[in-house]
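The values are calculated or read from the model by the stated rules, or taken from the named source; none is laboratory data. Being a predicted model, the structure only gives us computed values, none of them experimental. Neighbour counts are summed over all protein chains in view; Cβ atoms, including those assigned to glycine, are modelled from backbone coordinates with ideal geometry. Protein only, heavy atoms only, side chains kept; ligands, DNA and RNA dropped before computing areas. Shrake-Rupley method; radii C 1.70, N 1.55, O 1.52, S 1.80 Å.
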Amino acid sequence: MTQSLVPKNERIRRTLDHLRHDTTDEFDAVRPFGPEEFTDPEIARAERDRVFGRVPSIVAHGGELPKPGDFMTLRTPRNQVIIVRQRDGSVKTFVNLCRHRGALLEDREKGRCRLFSCGYHRWSYDLDGSLRAITRDGTFGEIDRSEHGLIELPTEERHGFVWVVDDAGARIDVASWLGPEMDEILGGHGIEGHVCFRAEGFDEPVNWKIMQDAFLDGYHIQYAHPNTAAKHIHTNVMAVEDFGRHARFIAPRKTIDRFLEEPPAADEDLSKYVTETHFLLPNSTLLRQPDHFQLLTFRPHPSEPGRCRMEMRLIVPPVETSGLDEDRWNHLWEKNWKILIAVLHREDFPLLRGSQAGMASASAGGMLLGRNEVVNQIFHRELRRLTS
Ligand code: FES
Ligand SMILES: [Fe+2]
């Protein structure tokens, strides 16, 4: 079910009403779930194949690969991959595997190169994946080189992000995956004009959905983050837009309290009194702060249900347009990054590791998602749709 976009001020005013009445947007029902969703290897396999093998998910900000030949390697749920900027400016993704005898072609996490050269017998591949040279080819034997280029995964750069479908036989169309509402929303953010100040990955002993759930959750803030996030953000108050796959929600900052007694003027721009979050199915949370973005992605481990990799990116206006000199700009975002990292490591990760450990209990019993946990409900509803 889709709906047309509700103006931001209207959504913010809805959160003000919620604050006044101690309410929040609600889903239609409480949903029960079991621990096997986070521990069962068959469920994990179905998610890798039917979710990540079929739909686009974000793997990077385009600015992390500014020049032709810039590459990064990573482990997607179903492949080891190399993502590389092409000479024509586009981005391609290849399976990180030499087509001769299967050596890992590139072992560096990132870098810049003119070709990929295998360390085992030195075959080489062009940036576009084509097989360029076979060493000692007079003795190797005749082969059709065009058949032995690197295996390519569907990749598209859109709205500043690099998106990949984790299956060589799939197709990619990010705009249609996003749907008209989310495509329009992301298109309006100008993320391609921003830079990725910092990207870091964390391999955690936690199922990817437990992690993703924690970053769609406005209900835990005051309890899990009493001295950090809860000082700035209200708990359990959200205005949600459900686009039938992806979602967007607004959570009021505490600074909005000034309007509780005395409502804001009709034309007052209330943006700075809220944070706005986008949930991009299947595995990304994009937070829009008044002056920057934070992208969180959660990728399942290739085989173990109880493991995942979370990546965090701080996406900010470039120094040239920031009005700051380079030192100040670095200082500002470095400070911001350190606060984010501290909250993750001290507050979120210990809780979530404990949750995963608990899910392994043989007699764990059933659990519940409440009506107030709207975006979590949307996430699980959509995952069921993809995997069933
Ligand atoms: S495995 Fe790469 S050249 Fe032999
Ligand atoms: Fe949290």
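For region 209-245: of the residues being within 22 Å of ILE315 (Cα to Cα) and more than 11 Å from ligand 2 (Cβ to nearest atom), which is farthest from the chain's Cα centre (by Cα)?
HIS232
Residues are listed down the side, and each one gets a yes or a no for (1) in contact (Cβ under 8 Å) with a residue 60 or more places away in the chain; (2) within 21 Å of ARG171 (Cβ to Cβ); (3) outside the structural domain of ASP144 (by TED's automatic domain parsing); (4) not basic (Lys, Arg):
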| residue | (1), (2), (3), (4) |
| --- | --- |
| ASN79 | yes, yes, no, yes |
| PHE94 | no, yes, no, yes |
| GLY102 | no, no, no, yes |
| LEU105 | no, no, no, yes |
| ARG112 | no, no, no, no |
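Taking the stated definitions as given, is LEU340 under 30 Å from GLY179 (Cβ atoms), of a type outside the set (S, T, N, Q) and away from ligand 2 (no atom under 16 Å from the Cβ)? Break it down stepwise before answering.
Details: under 30 Å from GLY179 (Cβ atoms): yes; of a type outside the set (S, T, N, Q): yes; away from ligand 2 (no atom under 16 Å from the Cβ): no.
Against the criterion (under 30 Å from GLY179 (Cβ atoms), of a type outside the set (S, T, N, Q) and away from ligand 2 (no atom under 16 Å from the Cβ)), LEU340 does not qualify.
Listed residues ASP126, ASP144, ASP137; which is without any contact (Cβ under 8 Å) to a residue 24 or more places away in the chain and under 22 Å from GLY69 (Cβ atoms)? It would help to see each step written out before you state the result.
Details: ASP144 fails: under 22 Å from GLY69 (Cβ atoms); ASP137 fails: under 22 Å from GLY69 (Cβ atoms).
Going through ASP126, ASP144, ASP137 in turn, just one is without any contact (Cβ under 8 Å) to a residue 24 or more places away in the chain and under 22 Å from GLY69 (Cβ atoms): ASP126.
Looking at region 296-305, which of its residues are open to solvent by 10 Å² or more (accessible area, probe 1.4 Å) and out of contact with any Phe, Trp or Tyr (no Cβ under 7 Å at 6 or more places or on another chain)?
Selection gives HIS301, PRO302, SER303, GLU304.
For region 93-112, how many residues are over 15 Å from LEU127 (Cβ atoms) and among the acidic types (Asp, Glu)?
2
Considering only residues that are crowded, with 20+ Cβ neighbours inside 10 Å and either within 16 Å of ligand 1 (Cβ to nearest atom) or not in a loop (DSSP other than H, G, I, E, B) (or both), which ones fall in region 157-173? Show your work before the answer.
Initially, region 157-173 is screened for residues crowded, with 20+ Cβ neighbours inside 10 Å, giving 158-166.
Within region 157-173, ARG158, PHE161, VAL162, TRP163, VAL164 meet the criteria.
Could you run through region 98-118 and say how many residues are within 20 Å of TRP163 (Cα to Cα) and either of a type in the set (S, T, N, Q) or assigned to a loop (DSSP other than H, G, I, E, B) (or both)?
Qualifying residue count, region 98-118: 1.
Among the residues of region 196-236, write down those that are part of a strand (DSSP E or B), open to solvent by 20 Å² or more (accessible area, probe 1.4 Å) and either over 17 Å from PHE293 (Cβ atoms) or within 16 Å of ligand 1 (Cβ to nearest atom) (or both).
First, pick out the residues of region 196-236 that are part of a strand (DSSP E or B): 196-204, 233.
Retained after the next criterion (residues that are open to solvent by 20 Å² or more (accessible area, probe 1.4 Å)): 196-201, 203, 233.
Those that are part of a strand (DSSP E or B), open to solvent by 20 Å² or more (accessible area, probe 1.4 Å) and either over 17 Å from PHE293 (Cβ atoms) or within 16 Å of ligand 1 (Cβ to nearest atom) (or both): GLY201, ASP203.
ALA239: away from ligand 1 (no atom under 16 Å from the Cβ), in contact (Cβ under 8 Å) with a residue 40 or more places away in the chain and surrounded by 22 or more Cβ atoms within 10 Å (Cβ to Cβ), yes or no?
Values: away from ligand 1 (no atom under 16 Å from the Cβ): yes; in contact (Cβ under 8 Å) with a residue 40 or more places away in the chain: yes; surrounded by 22 or more Cβ atoms within 10 Å (Cβ to Cβ): yes.
Against the criterion (away from ligand 1 (no atom under 16 Å from the Cβ), in contact (Cβ under 8 Å) with a residue 40 or more places away in the chain and surrounded by 22 or more Cβ atoms within 10 Å (Cβ to Cβ)), ALA239 qualifies.
Which of the residues spanning region 306-347 are open to solvent by less than 30 Å² (accessible area, probe 1.4 Å), in contact with a Lys or Arg (Cβ under 9 Å, 6 or more places away or on another chain) and either within 16 Å of ligand 1 (Cβ to nearest atom) or not aliphatic (A, V, I, L, M) (or both)?
CYS308, GLU311, ARG313, TRP333, TRP337
I'd like to know if region 30-50 contains one or more residues that are farther than 30 Å from MET367 by Cβ, more than 21 Å from the chain's Cα centre (by Cα) and more than 16 Å from ligand 1 (Cβ to nearest atom).
In the first step, residues of region 30-50 are kept if they are farther than 30 Å from MET367 by Cβ; the result is none.
No, region 30-50 contains no residue that is farther than 30 Å from MET367 by Cβ, more than 21 Å from the chain's Cα centre (by Cα) and more than 16 Å from ligand 1 (Cβ to nearest atom).
Hey, among GLY129, GLY160, which residue is within 30 Å of ALA44 (Cα to Cα), among the small types (Gly, Ala, Ser) and touching a strand residue (DSSP E or B) at 6+ places or on another chain (Cβ under 7 Å)? Spell out how you get there, then give the answer.
On the way: GLY129 fails: within 30 Å of ALA44 (Cα to Cα).
Going through GLY129, GLY160 in turn, just one is within 30 Å of ALA44 (Cα to Cα), among the small types (Gly, Ala, Ser) and touching a strand residue (DSSP E or B) at 6+ places or on another chain (Cβ under 7 Å): GLY160.
Here is a list: ILE151, ILE143, ILE134, ILE185. Which entry is under 27 Å from VAL55 (Cα atoms) and within 16 Å of ligand 1 (Cβ to nearest atom)? Before you say what the answer is, go through the steps one by one.
Working: ILE143 fails: under 27 Å from VAL55 (Cα atoms); ILE134 fails: under 27 Å from VAL55 (Cα atoms); ILE185 fails: within 16 Å of ligand 1 (Cβ to nearest atom).
When all the criteria are applied, what remains is ILE151.
List the number of the failed condition for SER322; all other conditions in (1) under 23 Å from the mean Cα position of the chain (by Cα); (2) among the polar types (S, T, N, Q); (3) at pLDDT below 95 hold.
So SER322 meets the others, but not (1).
Within region 245-268, identify whether any single residue is assigned to a loop (DSSP other than H, G, I, E, B) and in contact with a strand residue (DSSP E or B) (Cβ under 7 Å, 6 or more places away or on another chain), and answer yes or no. Show your work before the answer.
Kept after step one, since they are assigned to a loop (DSSP other than H, G, I, E, B), are these residues of region 245-268: 245-246, 262-268.
Imposing the further condition that a residue be in contact with a strand residue (DSSP E or B) (Cβ under 7 Å, 6 or more places away or on another chain) reduces the set to 246.
Within region 245-268 (the criterion being assigned to a loop (DSSP other than H, G, I, E, B) and in contact with a strand residue (DSSP E or B) (Cβ under 7 Å, 6 or more places away or on another chain)), the answer is yes, since at least one residue qualifies.
Please determine, by comparing only the residues of region 119-139 that are of a type in the set (Asp, Glu) and open to solvent by 60 Å² or more (accessible area, probe 1.4 Å), which one is nearest to LEU105 (Cα to Cα).
Looking at the filtered set, the residue picked out is ASP128.
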